[in-house]
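In what follows, a structure is listed as structure tokens, so that the remarks can point back to it.
The values are calculated or read from the model by the stated rules, or taken from the named source; none is laboratory data. It should be emphasised that the depicted structure is a prediction, and the values quoted were computed from it without experimental measurement. Here the Cβ is made from the backbone with ideal geometry for all residues, glycine too, and neighbour counts use every protein chain on show. Accessible surface is based on the protein model in full, side chains and every heavy atom, while ligands, DNA and RNA are left aside. Shrake-Rupley method; radii C 1.70, N 1.55, O 1.52, S 1.80 Å.
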Amino acid sequence: MKSITITGSKRESVGKKATKALRNAGKVPCVLYGGEKPLHFSADEPAFKNLVYTPNAHTAVIEIEGGAKFDAVLQDIQFHPVTDAILHIDFYQLFADKEVTMDIPVRLVGNSPGVRNGGRLLFRKRKLAIKALPAKLPDFFDVDISKLKIGGTIAVETLLNNDFVILHPDSTAVVQVKAARNAVVADDEDEEGEEGAAEGAEASTEESAAE
């Protein structure tokens, strides 16, 4: 999984007054949990652009002035209710031998024949929560919908892997195709219907000739 580097400064004071001063200066107050004790630091708001404003999942490398580096994952983020400016971010430190929980995005691959026949594609789970060692975290889940017909469902059970644990029931629907009002039947049913219609037409012709 790709890592985004965040360069920050350790916070000596964590009071409300100091926090407000940081925000006024265009910096985001942050806390890194998971180590021996919480590490309070701040960084310029633009430094978080590629970590926060993206549909992809990334880990972070937090570089503190003075040389300390920490691998981490974004745990929680607070936005201003009006301006959407980042108010605060919590990170959780990663360790090679400790599993971490993270939301991984789902990408749909291919074209569904059910959708081509007029069905409605329902993307139920755009992200899936998993638990894994940092080295085993996938960038995304690719879900192939090229054989998904009307009435079909692709569930979590098709994505199971020994590298991680998916924190959803196996039967959880990831993507479905539901019948719409103007939808036609599946391709194989179409073919059967055409063959049946042809046989019926031939029978009708023979009866007319016999009369």
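How would S3, S171 rank on accessible area, largest to smallest, probe 1.4 Å? Numbers along the way, then the final one.
On the way: S3 55, S171 95 Å².
Output order, biggest surface exposure first: S171, S3.
These residues, R124, R11, go from largest to smallest accessible area, 1.4 Å probe, as R124, R11.
Each of K136 and D163 was given a label point 7 Å from its Cα along the Cα-to-Cβ line. The distance between the two points is 1.0 nm. By the helix-only formula, in which each DSSP H run with n ≥ 4 contributes -39500 (n - 2.57) and the sum is divided by residues, the chain has a 222 nm mean residue ellipticity of -6000 deg cm²/dmol.
Subtracting the Cα-Cα distance from 0.36 nm times the residue separation, let me have the gained length for A25 to A96 in nm, one decimal. Working shown, then result.
On the way: separation 71, 0.36 × 71 = 25.56 nm, distance 3.51 nm.
That works out to 22.0 nm of additional length.
Using bins of 5 Å that start at zero, the share of Cα-Cα pairs per bin across segment 59-162 amounts to 2, 10, 15, 16, 13, 13, 10, 10, 6, 2, 1, 0, 0, in whole %.
I'd like the accessible area for D97: 1.4 Å probe, protein heavy atoms, all chains in place, Å² to the nearest 10. Near enough 130 Å² of accessible area.
With protein chains left intact and a 1.4 Å probe, residues in segment 1-153 average 58 Å² of accessible area per residue. Would you indicate which of (1) 18.3, 56; (2) 23.9, 80; (3) 26.7, 102 is the value of Rg and Dmax of the Cα atoms in Å derived from the coordinates of this structure? Here Rg and Dmax of the Cα atoms in Å agrees with entry (3).
Please determine, in degrees from 0 to 90 and to the nearest 10, the orientation of helix 187-210 with respect to the longest principal axis defined by the Cα atoms of the chain, where the helix direction is its Cα long axis. Around 10 degrees separate the two axes. Computed with a 1.4 Å probe over protein heavy atoms only, the accessible area of M1 comes to about 60 Å². The apolar share of the surface of the chain, taken as the fraction of accessible area on carbon and sulfur atoms (1.4 Å probe, ligands and nucleic acids excluded), comes to 48 percent.
In segment 131-146, which residues have a backbone nitrogen under 14 Å from the label point lying 7 Å from L121's Cα in the Cα-to-Cβ direction? Answer for this model: 142-146.
With the simple spin-label model, which puts each label point 7 Å out from Cα in the Cβ direction, the T54 to H88 separation comes to 2.6 nm. Rounded to the nearest Å, what's the spacing between the alpha carbon centres of segment 38-93 and segment 129-186? Just the number, please. Cα centres, segment 38-93 to segment 129-186: 29 Å.
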